[in-house]
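The values are calculated or read from the model by the stated rules, or taken from the named source; none is laboratory data. This structure is a prediction, so every number in the text was calculated from the model and none was measured. Cβ placement follows ideal geometry from the backbone for every residue including glycine, while neighbour counts extend to all protein chains displayed. Accessible surface is based on the protein model in full, side chains and every heavy atom, while ligands, DNA and RNA are left aside. Shrake-Rupley method; radii C 1.70, N 1.55, O 1.52, S 1.80 Å.
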Amino acid sequence: MAEISNSPPTSNPVEENTQTPKTTRNTKPGVKRLIISVTVLFSFILGFPLLWKSVKIYRAPLPFDRVDSFSSQIESKPLSFPCRFLAIFIGFDFMVSNGNVGAAIERKMSDLSHGGDCGGCGGNYSVSVAVGGGGIDAVDFGGKLRGNDEDADELVKSVVSEYGGGNMYSVVVVNEEGEVRSVVGKHRHAWIVGRVEEEEAVWRAAEIFVEVFVNGRDEEGSVRSEFMPVGADGRIVLSFSLLNADPRDWIYDWNFREIDETLLWPVIEALQPIANITVESQVLYHTPKSSFSNWDDKHGSHIFRTEDLPFFVNSNEWHLDTSVAAGGRSKVLQLVVYIPSAKECPLQLELSSGEISKTNGFISPMWGGVVVWNPRSCIKDLESRDPVRHTISSQDLQKLFEVLMGQLRQLLGLKSDNLYVGKSGASILLGSERGFTEWELDVLSRKHICFNLQSCATTLGSLSRLVQSLPRMIIMDEIGKQVKFSLEAAKSAQSNASIGIYDASAVSSRQSRSLAEDAFFHPSIMSISYYSFEHCFAIYSPFFLPVTMHVLLAALREWKRYKQEKKKYLASKDKVKVS
């Protein structure tokens, strides 16, 4: 039987050492790899603010709170102007006090007013009453008022001035025998003369105050944008054009310098607070109209009707938009004098009522007006080979200018006739050599002030909402200054309007609208770099995110390795100390 040995088996020390992991080390672990990894990681971390700075959009601070407050104020509370009214009754014996008469006029005015529309007086007005006129004899004074209207206008002005005058709107009512006659002067007063009862006198005075002096004969009494032909920069270019339809028949020219120096200058000066007006003129040839005309035996002329007006202007042949003065956002108003050819001369406009137009012209709101001028002789000189050259006479120029100024008044929202027919009766309206009376200029100023402030509030509100909705929109310092100055100009306009200084208020409101438009249409706003933060993250993350993750993981791995190796080194030192 074989003998079994109980001796333990021998082990191989070399094999044992190769299978047992190394738990100690005799040398201190190096930090070179760790330093490199951490350095690369920190370079990415420190570079992130630089990257953010490089893609950051400059935004000047804007007064959003002031813009919102201003817009809310304009929308919720229409601007009302202080108005003072004076009624002078001569030849009356009222059984009540002047205060009761004034209260009666105020009640009538309240019934006639259109509410709180912007551009009116709202409830911000006062009515004063004077009975007797300081001892003026009604019969004698009434006789003077029935004479020449120009002299009567100055006489009433002198009487009103004794009660303060100024910007006060006044109506003088003279009770004397005779037919009732009502006239509105070219200043800020009117007079009524004739046999009128007390109730009728109160009603007539109230109607003139509201319908004429406040509303400017506008039945709606509101501010309509189609009759606000002032550019966003506060400028109007009046472009006068003389069109010769067929120069082979005749050629007409005009002495426009005479019109500009003698007739236009007072108009431009009167409208200066409302708009900065420049004038230019041109003479064009070969400019036929687009519509057709028919011969009418009844009127003995060629006729074009109101339904033909949309096709009258020939935009292909009438090269009117050649203005060099209308830069930026200026508004050009075309005032055209059309001379027909010999084959359609005379050419007259037939109204929808079947009557021939007295002015022989028409307007297109926000574009301008056209007047058809027929030469005195519509017979072509067949013996002359060359066309005959003519110059429009001064008398004809005067008549043409009156028609063109009537069209300009209509383009600005005023009536061109000289008669107002109200519920209480008719009133004659005196004209002014400047084309606009003082009370008409007040009406235009109030309406343009309201329109400019409303446009300013709308533009600034749109800019505020746009800027806040696009956090990465570029906002230059110039835009911030324009918004600030626009708000200041609007505040100045409101302040001047509250004390009745119309001219200064109109100028300030015009500036506020212009600055608001300049800020909204600033060239820097039209940049293409309005991408959002999400867009920026989507652009840069495919490159930086993977690289950053790899660098971060490498740094963590090296830090973990260094800690393990250092732990082994410390364990080896402890064993050496113990042994």
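Considering every residue within the stretch 211-228, establish whether at least one is in contact (Cβ under 8 Å) with a residue 24 or more places away in the chain, under 32 Å from the mean Cα position of the chain (by Cα) and under 20 Å from Arg376 (Cα atoms).
Taking the stretch 211-228 as the starting set, the residues that turn out to be in contact (Cβ under 8 Å) with a residue 24 or more places away in the chain are 211-218, 220-228.
Applying the additional criterion that residues be under 32 Å from the mean Cα position of the chain (by Cα) yields 211-218, 220-228.
From what is left, the residues that are under 20 Å from Arg376 (Cα atoms) are none.
Among the residues of the stretch 211-228, not one is in contact (Cβ under 8 Å) with a residue 24 or more places away in the chain, under 32 Å from the mean Cα position of the chain (by Cα) and under 20 Å from Arg376 (Cα atoms), which makes the answer no.
Taking the residues in the stretch 239-292 that are open to solvent by 30 Å² or more (accessible area, probe 1.4 Å), closer than 19 Å to Leu397 by Cβ and among the hydrophobic types (A, V, I, L, M, F, W, C) as candidates, determine which candidate is modelled with the lowest pLDDT.
Result: Leu263.
Can you pull out the residues in the stretch 247-264 that are assigned to a strand (DSSP E or B) and of a type in the set (D, E, K, R)? Step through it out loud before you land on a result.
We begin by selecting, within the stretch 247-264, every residue assigned to a strand (DSSP E or B); these are 250-253.
Answer for the stretch 247-264, where residues must be assigned to a strand (DSSP E or B) and of a type in the set (D, E, K, R): just Asp253.
Which one of these is over 21 Å from Pro78 (Cα atoms), among the basic types (Lys, Arg) and either open to solvent by 20 Å² or more (accessible area, probe 1.4 Å) or at pLDDT below 95 (or both): Lys491, Lys481?
Within the list Lys491, Lys481, the selection yields Lys481.
Looking at the stretch 143-186 only, could you name the residues that are assigned to a loop (DSSP other than H, G, I, E, B) and among the polar types (S, T, N, Q)?
Looking only at the stretch 143-186, we keep the residues that are assigned to a loop (DSSP other than H, G, I, E, B), and these are 146-148, 162-168, 176-180, 185-186.
Those that are assigned to a loop (DSSP other than H, G, I, E, B) and among the polar types (S, T, N, Q): Asn148, Asn167.
Residue check: is Arg146 touching a residue at least 12 places away in the same chain (Cβ under 8 Å) and farther than 16 Å from Leu86 by Cα?
Yes.
Mind checking whether some residue in the stretch 416-429 is within 25 Å of Glu269 (Cβ to Cβ), hydroxyl-bearing (Ser, Thr, Tyr) and not in a helix (DSSP H, G or I)?
The answer is yes, given that some residue of the stretch 416-429 is within 25 Å of Glu269 (Cβ to Cβ), hydroxyl-bearing (Ser, Thr, Tyr) and not in a helix (DSSP H, G or I).
Where in the stretch 293-368 are there strands (runs of 3 or more DSSP E), lying wholly inside it, with at least 1 residues that are open to solvent by less than 10 Å² (accessible area, probe 1.4 Å)?
The qualifying strands (runs of 3 or more DSSP E) are 301-305, 331-339, 347-350.
Would you say Leu46 is out of contact with any His (no Cβ under 7 Å at 6 or more places or on another chain) and either touching a residue at least 60 places away in the same chain (Cβ under 8 Å) or not in a helix (DSSP H, G or I) (or both)?
no
Yes or no: Ser427 at pLDDT 90 or above, surrounded by 21 or more Cβ atoms within 10 Å (Cβ to Cβ), in contact with a Pro (Cβ under 8 Å, 6 or more places away or on another chain) and of a type in the set (Gly, Ala, Ser)?
Here the answer is no, as Ser427 does not meet what is asked.
Can you name the residue in the stretch 525-579 that is closer than 30 Å to Val467 by Cα and among the polar types (S, T, N, Q) and, of all such residues, is modelled with the highest pLDDT?
Ser541
Taking only the stretch 431-465 into account, find how many residues are open to solvent by 10 Å² or more (accessible area, probe 1.4 Å), farther than 24 Å from Gly500 by Cα and in contact with a helix residue (DSSP H, G or I) (Cβ under 8 Å, 6 or more places away or on another chain).
Adding up the residues that qualify gives 4.
Could you please let me know if Leu397 is modelled with pLDDT of 90 or more, at negative phi and touching a His at 6+ places or on another chain (Cβ under 6 Å)?
Here the answer is no, as Leu397 does not meet what is asked.
Taking the stretch 71-87 as the region of interest, how many residues are at pLDDT 85 or above, more than 16 Å from the chain's Cα centre (by Cα) and either surrounded by 15 or more Cβ atoms within 10 Å (Cβ to Cβ) or farther than 12 Å from Ser498 by Cβ (or both)?
Of the residues in that region, 8 qualify.
Are any of the residues in the stretch 250-266 touching a His at 6+ places or on another chain (Cβ under 8 Å), in the same structural domain as Val313 (by the TED database) and not hydrophobic (A, V, I, L, M, F, W, C)?
The answer is yes, given that some residue of the stretch 250-266 is touching a His at 6+ places or on another chain (Cβ under 8 Å), in the same structural domain as Val313 (by the TED database) and not hydrophobic (A, V, I, L, M, F, W, C).
Only one of these conditions is not met by Asp68: (1) within 20 Å of the chain's Cα centre (by Cα); (2) open to solvent by less than 50 Å² (accessible area, probe 1.4 Å). Which number is it?
All conditions pass for Asp68, except number (2).
Among the residues of the stretch 114-123, are any modelled with pLDDT of 85 or more and either aromatic (Phe, Trp, Tyr) or closer than 20 Å to Arg188 by Cα (or both)? Give the derivation first.
Step one: of the stretch 114-123, the residues modelled with pLDDT of 85 or more are none.
Within the stretch 114-123, none of the residues are modelled with pLDDT of 85 or more and either aromatic (Phe, Trp, Tyr) or closer than 20 Å to Arg188 by Cα (or both).
Scanning for something open to solvent by 40 Å² or more (accessible area, probe 1.4 Å), assigned by the TED database to the domain that holds Asn314, in contact with a helix residue (DSSP H, G or I) (Cβ under 9 Å, 6 or more places away or on another chain) and at pLDDT 85 or above, does the stretch 190-206 turn up at least one residue?
No, the stretch 190-206 contains no residue that is open to solvent by 40 Å² or more (accessible area, probe 1.4 Å), assigned by the TED database to the domain that holds Asn314, in contact with a helix residue (DSSP H, G or I) (Cβ under 9 Å, 6 or more places away or on another chain) and at pLDDT 85 or above.
In the stretch 121-128, is there at least one residue being outside any loop (DSSP other than H, G, I, E, B), out of contact with any helix residue (DSSP H, G or I) (no Cβ under 7 Å at 6 or more places or on another chain) and more than 15 Å from Phe89 (Cα to Cα)?
yes
Does Ala232 meet the test of being of a type in the set (A, V, I, L, M), modelled with pLDDT of 90 or more, touching a Phe, Trp or Tyr at 6+ places or on another chain (Cβ under 9 Å) and outside the structural domain of Gly368 (by the TED database)?
No.
Within the stretch 124-177, track down each residue that is at positive phi, more than 44 Å from the chain's Cα centre (by Cα) and open to solvent by less than 70 Å² (accessible area, probe 1.4 Å).
Gly132, Gly133
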